[in-house]
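A.B. asks: One structure, as structure tokens, below. Some questions next.
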Amino acid sequence: MKNREEKIQDFINQLDTKIDIDIKYFCSTMDIDNSEDIFEAIENNGGFNIEIIYYSNAIEYLKENDSSLHESIGIAVEYGYNLENINSEVLASLLASQKIREEFEELREEIEEFFESLEEEEV
């Protein structure tokens, strides 16, 4: 029978197939007790910071994901960027980072249900 940490590790491993982040790389099962712990571990270790380098890669990403630049410029404004500090790589990186956070948020309910069932098993 698996102990709590092994069950958490197995769960984290299967989450890796649903999001483009190596969650197990950022999370130590010893510190994980809920979805917020997983989010904080990824956030604190820079896991949501996606960097898109090279103009051509950035332009291609923006063309596919935000051709009007409306969303990416909005994110840049939220983070306090000035016009002189914005370029295609910054906009693409900010947008990709935001999208990966949103993908994680879509998993939050599944993560919370896992930890609730884990608590129920231990009672």
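A.B. asks: Give the residues of the stretch 95-123 that are small (Gly, Ala, Ser) and surrounded by 13 or more Cβ atoms within 10 Å (Cβ to Cβ), sorted by residue number.
C.D. replies: Across the stretch 95-123, the qualifying residues are 96, 97.
A.B. asks: I'd like the residue in the stretch 25-38 that is in contact (Cβ under 8 Å) with a residue 12 or more places away in the chain and part of a helix (DSSP H, G or I) and, out of all such residues, is surrounded by the fewest Cβ atoms within 10 Å (Cβ to Cβ). Explain how you work it out, then say what you get.
C.D. replies: Pass one, the stretch 25-38, residues in contact (Cβ under 8 Å) with a residue 12 or more places away in the chain: 25-30, 32-35, 38.
Keeping just the survivors that are part of a helix (DSSP H, G or I) gives 25-26, 29-30, 35, 38.
On the way: 25: 12, 26: 19, 29: 17, 30: 8, 35: 19, 38: 25.
Checked the stretch 25-38; the qualifying residue surrounded by the fewest Cβ atoms within 10 Å (Cβ to Cβ) is 30.
A.B. asks: If residue 48 satisfies all but one of (1) touching a Leu at 6+ places or on another chain (Cβ under 9 Å); (2) modelled with pLDDT of 90 or more; (3) part of a loop (DSSP other than H, G, I, E, B), what's the number of the condition it fails?
C.D. replies: Unmet for residue 48, out of (1) touching a Leu at 6+ places or on another chain (Cβ under 9 Å); (2) modelled with pLDDT of 90 or more; (3) part of a loop (DSSP other than H, G, I, E, B): (1).
A.B. asks: So, in the stretch 95-123, exactly how many residues are hydrophobic (A, V, I, L, M, F, W, C), free of Cβ contacts under 8 Å to residues at least 60 places away in the same chain and in a helix (DSSP H, G or I)?
C.D. replies: Here is the first cut: in the stretch 95-123, the residues hydrophobic (A, V, I, L, M, F, W, C) are 95-96, 100, 104, 107, 111, 114-115, 118, 123.
Then drop every residue that is not free of Cβ contacts under 8 Å to residues at least 60 places away in the same chain, which leaves 95-96, 123.
Those left that are additionally in a helix (DSSP H, G or I): 95-96.
Residues meeting the conditions: 2.
A.B. asks: Is there any pair linking a residue in the stretch 1-12 that is under 18 Å from residue 113 (Cβ atoms) to one that is part of a helix (DSSP H, G or I) and modelled with pLDDT of 85 or more, with Cβ under 6 Å and at least six apart or on different chains, and which?
C.D. replies: 11/114
A.B. asks: Looking at 92, 41, 58, 76, can you tell me which residue is touching a Ser or Thr at 6+ places or on another chain (Cβ under 9 Å), without any contact (Cβ under 8 Å) to a residue 24 or more places away in the chain and either on the phi > 0 side of the Ramachandran plot or surrounded by 13 or more Cβ atoms within 10 Å (Cβ to Cβ) (or both)? Show your work before the answer.
C.D. replies: Numbers: 92 fails: without any contact (Cβ under 8 Å) to a residue 24 or more places away in the chain; 58 fails: without any contact (Cβ under 8 Å) to a residue 24 or more places away in the chain; 76 fails: touching a Ser or Thr at 6+ places or on another chain (Cβ under 9 Å).
Just one listed residue meets the conditions, 41.
A.B. asks: Of the residues in the stretch 1-18, how many are exposed (fewer than 15 other Cβ atoms within 10 Å of the Cβ) and not polar (S, T, N, Q)? Spell out the reasoning first.
C.D. replies: Residues of the stretch 1-18 that are exposed (fewer than 15 other Cβ atoms within 10 Å of the Cβ), as a first pass: 1-6, 10, 13-14, 16-18.
Applying the additional criterion that residues be not polar (S, T, N, Q) yields 1-2, 4-6, 10, 16, 18.
The qualifying residues number 8.
The values are calculated or read from the model by the stated rules, or taken from the named source; none is laboratory data. In this text the structure is predicted, and so the values were computed from the model without any measurement. Backbone-built Cβ (ideal geometry, glycine too); neighbour counts: all protein chains shown.
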